[in-house]
1. Counting only C-alpha contacts under 8 Å and six or more residues apart, can you give the relative contact order of the range 9-94 as a whole percent?
2. So what is the 222 nm mean residue ellipticity for the chain from helices alone, if each DSSP H run of at least 4 adds -39500 (n - 2.57) and you divide by all residues, rounding to the nearest 500 deg cm²/dmol?
3. If a/c stays under 1.5 just call it rounded; otherwise compare a/b with b/c (prolate if a/b is bigger, oblate if not). Do that for the range 46-165, with a ≥ b ≥ c from the square roots of the Cα gyration tensor eigenvalues.
4. Can you give me the relative contact order of the chain as a percent, contacts being Cα pairs under 8 Å and 6 or more apart?
5. To the nearest 20 Debye, how big is the dipole of the chain about its Cα centre, given +1 on the beta carbon of each Lys and Arg and -1 on that of each Asp and Glu?
6. Provide the solvent-accessible area of residue 23, counting protein heavy atoms only and rolling a 1.4 Å probe, rounded to the nearest 10 Å².
7. Heavy-atom accessible area per residue, the chain, 1.4 Å probe: how many Å²?
8. Angle check, please: helix 22-39 long axis (alpha carbons) against the longest principal axis of the chain (alpha carbons), in degrees 0 to 90, nearest 10.
Amino acid sequence: MRLTLQMLISHGRVARRMGLGPESRINMLRNILTGLVRHERIETTRARADEVRFYAEKLIDYAKKGDTDEKAMKMASFWLTEKDLVPKLFKVLAPRFENQSTGYTRMARIPNRENLDRAKMAVLEYKGNPFPPLYPAKKENELTLINQLLKGYREERARVLAAES
């Protein structure tokens, strides 16, 4: 969540207002989280993605405890509306993040929606998914100043070494 003046002065509000009420908000978060576990990458509004991210990371924390843990199974069965995804959570996603303690998700901003509401959009994904990366890998650019200076230094050094020998 973004830290704004409204967030600092909450007046009893704990979470963002989404949907038609608290039950609607939880159901919407459950559906988005179920889609995230099924597809491992989803596109939604930034506010929803930011809100679901916390629950997605907590769900992985519980899944890492194993499918024999009663609390982990309760959490998985509550948050995943499609029960065929519970084995995927414990057998695929939890082992993938066994060596990590936090940071299981990645959120990337994408352009605003094109229809009338122009909502700010984001892509939320689990790290290590089989899809192509959202950001292309950075390539070395030989035209940057530092690379030009290094190239000149190497050429000069080669000339000096050739003259000495």
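1. Relative CO of the range 9-94 lands at 30 percent.
2. Value at 222 nm, helices only, nearest 500: -13500 deg cm²/dmol.
3. On the way: a/c = 4.66, a/b = 2.04, b/c = 2.29.
Note, shape of the range 46-165 comes out oblate.
4. Working: 146 pairs, mean separation 37.4, N = 165.
Relative CO of the chain lands at 23 percent.
5. Values: 32 positive and 21 negative charges, 88 e Å.
Value, rounded to 20: 420 debye.
6. It works out to around 140 Å².
7. Ligands and nucleic acids excluded, the figure is 71 Å² per residue.
8. Taking Cα atoms only, the helix is inclined about 50 degrees.
The values are calculated or read from the model by the stated rules, or taken from the named source; none is laboratory data. As the structure is a prediction and not an experimental result, all values here were calculated from the model. Reconstructed Cβ throughout: ideal geometry from the backbone, glycine too, with neighbour counts over all protein chains shown. Just so you know, the surface numbers come from the protein's heavy atoms only, side chains and all, with ligands and any DNA or RNA stripped out. Shrake-Rupley method; radii C 1.70, N 1.55, O 1.52, S 1.80 Å.
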